[in-house]
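None of the figures in this text is laboratory data; all of them are computed from the coordinates on show. Owing to the predicted nature of the structure, the values given are computational and were not obtained by experimental measurement. Heads up, the Cβs are rebuilt from the backbone with ideal geometry, glycines too, and the neighbour counts pull from every protein chain shown.
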Amino acid sequence: MKVATTEITNEEFDQMIQASARKLKRNADFINSLNVFPVPDGDTGTNMSLSMESGAKYEMDEPSEEVGKLAGALAKGLLMGARGNSGVILSQIFRGFSKSVEGKVTLNAEDLAQAFADGAQTAYKAVMKPTEGTILTVIREAAKAGNDAATEKDDIVYVMDAVTKAGKEALKKTTDLLPVLKEVGVVDSGGQGLTFVFDAFDDVLNGRTEVEEDQPDEEQMDEMVDAKHHQSVQGKIDPADIKYGYCTQIMVRIGKGLQVKQDFDYDTFYNYLAKLGDSLLVVNDDDVVKVHVHTEHPGKVLAWGQQFGDLATVKVDNMRQQQEEIMEKDDPVQADQPVPDTNGTAIIAIASGEGVDKLFRSLGVTHIISGGQTMNPSTADIVAAINDSHAERVIVLPNNKNIFLAAEQAIEVADIPAKIVHSRNISQGMTALMGFNPDSKLDENVAAMEDNLTSVKNGEVTTAIRDTTVQGKTIKKGNFMGIIDGTIATTKPTILEAASEMVKLMLDEDSEIVTIIYGKDAKKSEAEKLESTIQALDDELEIEVHEGDQPVYPFIVSVE
């Protein structure tokens, strides 16, 4: 066992960051499961894991041996990779942390305690209306305990132990601080993620061996590799701009074969591959390790894998060639629609589903970032979309409240003046576009589009993934829920019962237009039956039906 350290050098700091990234990755599904609503879009764990993974990559690539420089690189990577509100808040914690240790070669107990305190302060400032019972509570109380410990002992391990313990105690309190958490009986998911970071830090400083808990089975490993690839591929990128052109995937049977030269060690295996490219994912159990990486040297990946075992599977795709083929095809989203004349303003919408993309473009959107529920784009994704638009000015429609903070960070660092219209869902995003005037100034358009947000009601139908009681309603796994503007309004055994009841609750005497968008998990015939049911409620309503192809929500319904 490693002797406990009393000082954080570059080596300890690197180990702490890499260990926290692995810890979050292993526990992402568990964090996701703490989602209050029993809907299949819990993504806090995924967002925090991918955000920290980006930070860890930047930190690993920083050549300096000063902890202050490494922390700065971590903060930059977290900023650019931040996804969802949880990822952004995590990035702000380490932004404050990095500012606190700027210029320091190593960290002592007082430095570490103050860095957490500054991280807490920065995170609170980043949120317009801080809410207790969240990740903010956890970092504040953990940082306070760290400062108290630093006054008692000049011992960095003692401080980290105190931070970790207080963080877990604060996490337990979140259930009582937020009524919705207490009703469902869970702790805050973002706070849970942060305690995993503390755990990883504490393990490294105490010299404890990392526990390989919650290893994925083979099917889960495949899903993780596929998800990693799709997260990193952007549909409109120029093939010449792809830095690492070969998507390389291998599966190694650990310890088997004639060319084995090394016993498998996760850190050794991972760190070498991290230098060969990006979009790296390494997942393993006792018998096999699977790798996904984008690289210019697939042969080196294969040769490295063979040092630990034989190659059960090998897959190498030329992504530049794939991208050329994609771009040669007619774009189904734009083929039948003219490019809107927005007078130098780019309008960027974040959405999922080919049909939803078409609807947005028909309403004047110039650029689409693929994402939304379950796949929040990162700050870097949004920055790239803004800068690549080459427009004079940009308006961003997040269409999801969990993307607000990442979008706000993006417009701060983008090269082009940009503003956000705070659309919380697809319905609001489409209604907001009715307020756009190509001849108006940026601020005028944003104000007009924001004003339109309250003129529409949004309804979403999805499947309950577990039994629970939330917002006063008892919900059974497999039933369908109708969610109106973020509140579960009804739960029924069939999709049409839930959708019909939901729309009935949305209608009032001022309702004029109902728009039904059916997704991947709904049939056109079901949408037509829903249309007939709504028309029977009020034959004066104007009803539109569109194929949206969106995931997660079989029906999205707007009422204006």
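Per-structure values
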quantity: From the C-alpha gyration tensor of segment 255-298, square roots of 5λ in Å; calculated: 19, 12, 10
quantity: Loop GluC sites (Glu not before Pro), segment 125-187 (other Cβ atoms within 10 Å of the site Cβ: 15 or fewer; DSSP); calculated: Glu132
quantity: Sorted by Cβ neighbour density within 10 Å, fewest at the top, the residues Phe269, Phe360, Phe30; calculated: Phe30, Phe269, Phe360
quantity: Convex hull per residue volume in Å³, alpha carbons only, for segment 243-319; calculated: 72
quantity: Descending principal axes extents, segment 10-206, alpha-carbon based, whole Å; calculated: 46, 36, 31
quantity: Trypsin sites (Lys or Arg not before Pro) restricted to DSSP loop in segment 505-542 with at most 13 other C-beta within 10 Å; calculated: Lys523
quantity: Spin-label pair Ala312/Glu7, simplified geometry with 7 Å Cα→Cβ offset, distance in nm; calculated: 4.6
quantity: Acute angle (nearest 10 degrees) that the helix 495-506 long axis makes with the longest principal axis of the chain, alpha-carbon atoms; calculated: 70
quantity: Burial ordering of Val163, Val260, Val552, fewest other beta-carbon atoms within 10 Å first; calculated: Val260, Val552, Val163
quantity: Helix 84-100 vs. the chain, principal-axis angle (Cα, 0 to 90°, nearest 10); calculated: 40
quantity: Viscosity 1.306 mPa s, 10 °C: Kirkwood-radius Stokes-Einstein D of segment 457-559 over Cα pairs, µm²/s; calculated: 118
quantity: Interatomic Cα distance distribution for segment 83-137, bins of 10 angstrom, percent; calculated: 26, 49, 21, 4
quantity: Anchor Lys256: lysines whose Cα lies under 17 Å away (excluding residues fewer than 8 positions away in-chain); calculated: Lys290
quantity: Charge context of Leu107, other residues only, Cβ under 10 angstrom, K/R +1, D/E -1; calculated: -3
quantity: Angle between the chain longest axis and helix 67-81 axis [Cα atoms, degrees, rounded to 10]; calculated: 20
quantity: Built amide H within the under 5 Å cut-off of Ile369, gap 5+; calculated: Ala349, Ile350, Ala351
quantity: Binned Cα-Cα distance frequencies in segment 81-192 - 5 Å width, integer %; calculated: 2, 14, 20, 23, 20, 12, 6, 2, 1, 0
quantity: Reduced Cα scattering model of segment 328-455, Debye log10 I(q)/I(0), q = 0.12, 0.17, 0.18 Å⁻¹; calculated: -0.38, -0.81, -0.91
quantity: For the chain, average projected area of the Cα convex hull in nm²; calculated: 26.6
quantity: Helix-only CD estimate at 222 nm, as mean residue ellipticity for the chain, using -39500 (n - 2.57) per DSSP H run (n ≥ 4); calculated: -15000 deg cm²/dmol
quantity: Residue-count net charge about Lys173 - beta-carbon cut-off 15 Å; Lys, Arg +1, Asp, Glu -1; calculated: +1
quantity: Lys256 versus Ser33: modelled label distance in nm, points set 7 Å from Cα along the beta carbon direction; calculated: 3.0
quantity: Over 20 Å between alpha carbons, listed pairs Lys476/Lys523; Lys23/Lys401; Lys168/Lys401; Lys261/Lys300; Lys125/Lys401; calculated: Lys476/Lys523; Lys23/Lys401; Lys168/Lys401
quantity: Sorted largest first, extent of segment 28-109 alpha carbons per principal axis (Å); calculated: 46, 24, 17
quantity: Burial ordering of Leu74, Leu311, fewest other beta-carbon atoms within 10 Å first; calculated: Leu311, Leu74
